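Notes follow once the structure below has been shown.
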Amino acid sequence: MRVIAGKARRLPLQAVPGLNTRPTTDRIKETLFNIIQDRLWDIRFLDLFAGSGGIGIEALSRGASLAAFVEQNRQALDCIRKNLKFTRLEEQARVLGRDVFSALSQMEGEEPFQIIFMDPPYGQMLEKRVLEMLSNSSLADRETLVIVEASLDTDFSYVSDLGFQVVRRKDYKTNAHIFLRRV
């Protein structure tokens, strides 16, 4: 696992030991960032269920002005902090060591993020709970791009009921990126 492009290009990142997280592979991360590259300059980026922080760090490396990382696993938090320090991006980062739902509640009232990325554990419908919170949140407006990494069989038929629309979907072998906007 490494930073693919930008000011921290080619720097290796630590992964969280054990099987509790699924780091996004370099190939999938590169595809994702090729899709969103034109939207990264000087933005606020939110990385939910951040794991080792690889997605938010990539966003910072490619020009985001701030990345907030939300992760409750202590080993993962330690990994995020080490990766931020190693890449020299810690001054542009905010790390929240708590569950996603309490972190979103804590941040409510802040200005919107331009991109919100989430990679929740599969099969628990956590992405639906997050979208329910974001549907009436100051953290996401009509310009915010919400990206969900999910298993291929994850149901997103409910998103229009929450005020979102799917604007793009990119399928890989075992998972997909779903791109959403508020309507």
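The values are calculated or read from the model by the stated rules, or taken from the named source; none is laboratory data. This one's a predicted model, so the numbers in the text were calculated from it and none came from an experiment. Counting neighbours? That spans all protein chains shown, and the Cβs are built from the backbone with ideal geometry, glycine included. Only protein heavy atoms, including side chains, enter the accessible area calculation; ligands, DNA and RNA are left aside. Shrake-Rupley method; radii C 1.70, N 1.55, O 1.52, S 1.80 Å.
Assorted remarks:
Yes or no, residue by residue, for (1) farther than 19 Å from residue 39 by Cα; (2) of a type in the set (S, T, N, Q); (3) at pLDDT below 95:
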{"position": "139", "(1), (2), (3)": "no, no, no"}
{"position": "145", "(1), (2), (3)": "no, no, no"}
{"position": "149", "(1), (2), (3)": "no, no, no"}
{"position": "156", "(1), (2), (3)": "yes, no, no"}
{"position": "159", "(1), (2), (3)": "yes, no, no"}
{"position": "163", "(1), (2), (3)": "yes, no, no"}
{"position": "169", "(1), (2), (3)": "no, no, no"}
{"position": "173", "(1), (2), (3)": "yes, no, yes"}
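- Residue that is most open to solvent (accessible area, probe 1.4 Å) [pool: residues in segment 145-166 that are assigned to a strand (DSSP E or B) and farther than 10 Å from residue 182 by Cα]: 151
- Residue that is touching a helix residue (DSSP H, G or I) at 6+ places or on another chain (Cβ under 8 Å), over 27 Å from residue 61 (Cβ atoms) and open to solvent by 10 Å² or more (accessible area, probe 1.4 Å), where the choices are 125, 133: 133
- Hits in segment 31-42 - residues which are touching a residue at least 40 places away in the same chain (Cβ under 8 Å) and open to solvent by 10 Å² or more (accessible area, probe 1.4 Å): 31, 35, 39
- Number of positions in segment 86-101 that are in contact (Cβ under 8 Å) with a residue 12 or more places away in the chain, surrounded by fewer than 16 Cβ atoms within 10 Å (Cβ to Cβ) and over 16 Å from the mean Cα position of the chain (by Cα): 1
- Test for residue 69: is it aromatic (Phe, Trp, Tyr) and more than 19 Å from residue 106 (Cα to Cα): no
- Residue 99 within 23 Å of residue 178 (Cβ to Cβ) and of a type in the set (Asp, Glu): yes
- Of all residues in segment 44-67, those satisfying the criterion of being over 16 Å from residue 149 (Cα atoms) and either of a type outside the set (A, V, I, L, M) or surrounded by 22 or more Cβ atoms within 10 Å (Cβ to Cβ) (or both) are 44, 57, 60, 61, 62, 63, 64, 65, 67.
- In the set (1) over 17 Å from residue 183 (Cβ atoms); (2) modelled with pLDDT of 95 or more; (3) of a type outside the set (S, T, N, Q), the condition left unmet by residue 123 is number (2).
- Residue ID - nearest to residue 117 (Cα to Cα), chosen from residues in segment 143-183 that are among the charged types (D, E, K, R) and without any contact (Cβ under 8 Å) to a residue 12 or more places away in the chain: 169
- Residue match in segment 68-79 (condition: closer than 24 Å to residue 156 by Cα, open to solvent by less than 10 Å² (accessible area, probe 1.4 Å) and of a type outside the set (Phe, Trp, Tyr)): yes
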